[in-house]
Structure formats: C-alpha cells, structure tokens
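Notes follow the structure.
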Amino acid sequence: MNEKKTILSGIKPSGDLTLGSYIGALKNWVELSDQYDCYYMMADMHAITVRQNPAELRRRTLAQLAQYIACGLDPQKNTIFIQSHVPAHAELSWVLACYTMFGELSRMTQFKDKSAKNADNINAGLFTYPVLMAADILIYQADLVPVGEDQKQHVELTRDIAQRFNGVYGDVFKMPEPFIPKTGARIMSLQEPQNKMSKSEQDSGGCVCIMDKPEDIMRAFKRAVTDCETCVRFDPAAKPGVSNLMQIYSVCTGRSFDAIESEFAGRGYGDFKLAVGEAVVETMRPIREEAERLLKDKAYLESVYADGAKRASYVAGRTVSKVYKKVGFVPKSAL
Ligand code: TYM
C-alpha cells in the first residue's frame, strides 16, 4: 500500500501574515500539499503567550484562514483548522510537559528572545510553548514539518520529547523531520537586515504583509536598507540588505542568484529595489484579491474550519487515547 506521509504546520495569528511567513512556510505548504496528507492550522493558542486584543485575534485568525486558501491550499484536500477547536492538542501538551525538562525549555532561543522583549509578561505559556508545538506535531504522527529556520530548534526538541516518550512506552510517536527551504528560510527586516522580518515590527517599514496594498509594498521596498556599494551580489555576511532582497526576488521570480547578479550588473540599487517591489506586488496581488473575496463569505469560511476541526479531532483523539492508555490512565467508560 502506498500511504501518503503526513505534514503538520501552523502560523500564529499574532499579527497579519508577513512576506517572511509566506516565503519561509506557507509557499512550501502549498507546494507539498499534493504529495502529503496535510494538516495546517491557525495556531491561536500559541498567539496568546503574548497579550492579544480579543477582537483583533478573532479577525486575524479568520483572515489567516482566507489567506491560506487564497495561497492555494485546497480545503478539500488539506485539513485546515483552528488550533483551539481541537482540545486534544492541550491534552497531549500536558502529558508531554511531564516528559520535557526544565533545562531543555530554558535553552530555547525564542524563549530567551521573547522574554527579553516582554519582560513584564514572562508567563508560563511562553516558557512551555514548545511543548504545545510538540503536541501539535506528534498528535498527527507528522513525518514532515515545513517551517522557517527560526522554528528548527522547536522541531528538534519535539524529536527529543518523542524519543524520550517512545523510549519508555515503545513506538508511540513518529519521528518528525523539519522541512526548511533552501532559499528564504530566514527573510530579514527591510529596515534592519540583521534581524528577522517579524509580525511585531509591522509599523516600522521593515515588514511587508500579504494583504498590504501595492503602493505600501512599493514604498517599503524603495526604502529598504542596502549598503554603500552599488553592486548586486549575494553575500549575506557583508551585504545583508542586498542579499535579503535577492532571496525575495529569487523566490518571487524563480531566478537564480547568478541570473539576478547578471540582470542588475552595472545598474543602481534604485532599479533593483523597484524590480523586487514589483515582483512581490505581482506575487501577492492574486492572493490578496482572492483572500478579500473569501473574507466576504463568512459562511464558507465557517464551513471550512468546522469541517477541518472535525477531521483533525478524529485523528488527534486517537493519538491522545493511545497516549492516555500508555501512561496508565483508566479508559473512559463506554456507558
Ligand atoms: P510563526 O507564526 O512565528 O511563523 C510562522 C512560520 O513562518 C516562518 N517565518 C519565517 N520564515 C522565514 N523568514 C521569516 N522572516 C519568517 N518569519 C516567520 C516560521 O518559521 C514559521 O514556520 N510556533 C510557530 C507556529 C506553530 C507551529 C506548530 C509550526 C505552532 N505549532 C507546529 C509548526 C508546527 C510560530 O510561532 O511560527
């Protein structure tokens, strides 16, 4: 029998979807979705590790769903759901927390970064977040987890937790592999190219969102920080701004770095930044237009997430039952 392998991935609706999440994750989800049995979620439970405005969180979660579909994820072929609609994630997360070490969680770079940025709210959820992420992945017995570079450490921790659990109880969980794109695994801020493009810097001009208007995207690229040479060359250490723009251009046009270097040889950065902006505008345009259309059809979106939650809950529930049995919980009475 030729059973399809499984994929699970998610994005936190803690800000509007960025070009970074699109290139680092979403674009690959679409490319992989034909060959795999895919589970893609809006990770709303992860979003509340940082304070959220409730109305905004609801709006962004639905907008994210519309954008997933608009990017090309077919809800018939993929299971698309809202994380909080599948309570089994939280149930497995508790069990796995008892098999995760304090020291392991303390070493997570994202925890260190985020607790430095949110010094007034270093809550336990922020600390145990990677355990919930491990539950998200292991509950579907995922083989592959398409993510950007910044999530690699969390997928590695997931493997360590799975290994520890399997070591005690036998082969309960499949061992997941991260899938990290060769180009675009870490898209940098357009204003501070030494830092990752992130939802949290949405107002600084360093971040571009899928739903941004073309004129705003063009403005962000025209203002993008480069360097004082005038040579389009790929060298992330010496030329982080230009190399970042090259990655974005390469992903949007399918051109290699060599082809891009030749295309802009002898031309100034002004031309280059304009071309990158236009390529991004044209890549995002059909997605934005389709997402705007879908967002007007709330009944359709509701049918997608309701169906997704039903399908996901079935698979997730089976894993939780198995895990509960393994650790020694008394099975629920059938009566
Ligand atoms: P999140 O919401 O921060 O980011 C979503 C995805 O986009 C990738 N990404 C980027 N890739 C390249 N360049 C960037 N600048 C960039 N910014 C974001 C991220 O690597 C990620 O793949 N914890 C996760 C969400 C999550 C998850 C999961 C992922 C929850 N459960 C289970 C996979 C499996 C997160 O916060 O991603």
Single residue of Gln64, Gln35 found to be away from the ligand (no atom under 12 Å from the Cβ) and either surrounded by fewer than 17 Cβ atoms within 10 Å (Cβ to Cβ) or modelled with pLDDT of 95 or more (or both): Gln35
Output for the range 156-173, where each listed residue is touching a Pro at 6+ places or on another chain (Cβ under 7 Å) and crowded, with 22+ Cβ neighbours inside 10 Å: Thr158
Within the range 224-249, tally of residues that are of a type in the set (Gly, Ala, Ser) and touching a Lys or Arg at 6+ places or on another chain (Cβ under 6 Å): 1
Filter result (of a type in the set (A, V, I, L, M, F, W, C) and farther than 20 Å from Asn195 by Cβ) within the range 229-245: Cys231, Val232
Among residues of the range 207-217, those that are part of a helix (DSSP H, G or I) and either polar (S, T, N, Q) or surrounded by fewer than 18 Cβ atoms within 10 Å (Cβ to Cβ) (or both), counted: 3
Selection count where residues are outside any loop (DSSP other than H, G, I, E, B) and more than 8 Å from the ligand (Cβ to nearest atom), scope the range 175-191: 3
The range 248-276 - residue that is of a type in the set (A, V, I, L, M, F, W, C) and not in a helix (DSSP H, G or I) and, of those, farthest from Pro181 (Cα to Cα): Ala265
Failed criterion for Gln247 (all others in (1) farther than 20 Å from Phe221 by Cβ; (2) touching a Ser or Thr at 6+ places or on another chain (Cβ under 7 Å); (3) not aromatic (Phe, Trp, Tyr) hold): (1)
The range 135-149: number of residues that are more than 11 Å from the ligand (Cβ to nearest atom) and in a strand (DSSP E or B): 0
Conditions (1) in contact with an Asp or Glu (Cβ under 9 Å, 6 or more places away or on another chain); (2) without any contact (Cβ under 8 Å) to a residue 12 or more places away in the chain; (3) small (Gly, Ala, Ser): number failed by Ser84: (2)
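Residue-by-condition table, conditions (1) part of a helix (DSSP H, G or I); (2) under 30 Å from Lys326 (Cβ atoms); (3) at pLDDT 95 or above:
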residue	(1), (2), (3)
Arg159	yes, yes, yes
Ala162	yes, yes, yes
Phe173	no, yes, yes
Pro193	no, no, yes
Val225	no, no, yes
Asp235	no, no, yes
Ala238	no, no, yes
Ser243	yes, no, yes
Qualifying residue in the range 264-284 (condition: among the polar types (S, T, N, Q) and either within 30 Å of Val86 (Cα to Cα) or modelled with pLDDT under 95 (or both)): no
In the range 116-134, the residues that are within 16 Å of Phe102 (Cα to Cα) and either among the β-branched types (Val, Ile, Thr) or not in a helix (DSSP H, G or I) (or both): Ile122, Asn123, Thr128, Val131
Where a residue in the range 125-151 is on the phi > 0 side of the Ramachandran plot and at pLDDT 95 or above and its partner, wherever it lies, is among the β-branched types (Val, Ile, Thr) and more than 8 Å from the ligand (Cβ to nearest atom), with Cβ under 7 Å and at least six apart: Gln141/Thr6; Gln141/Thr319
Answer residue from the range 38-61, given it is surrounded by fewer than 17 Cβ atoms within 10 Å (Cβ to Cβ) and among the basic types (Lys, Arg) and is farthest from Val131 (Cα to Cα) among those: Arg59
Selection from the range 92-147 of residues that are among the basic types (Lys, Arg) and either more than 21 Å from Lys196 (Cβ to Cβ) or surrounded by 14 or more Cβ atoms within 10 Å (Cβ to Cβ) (or both): Lys114
Test result for Phe221, more than 21 Å from Cys71 (Cα to Cα), without any contact (Cβ under 8 Å) to a residue 24 or more places away in the chain and under 26 Å from the mean Cα position of the chain (by Cα): no
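The values are calculated or read from the model by the stated rules, or taken from the named source; none is laboratory data. These numbers come from a predicted model, not from an experiment. Positions of Cβ are generated from backbone atoms using ideal geometry, with glycine treated the same way; all protein chains shown enter the neighbour counts.
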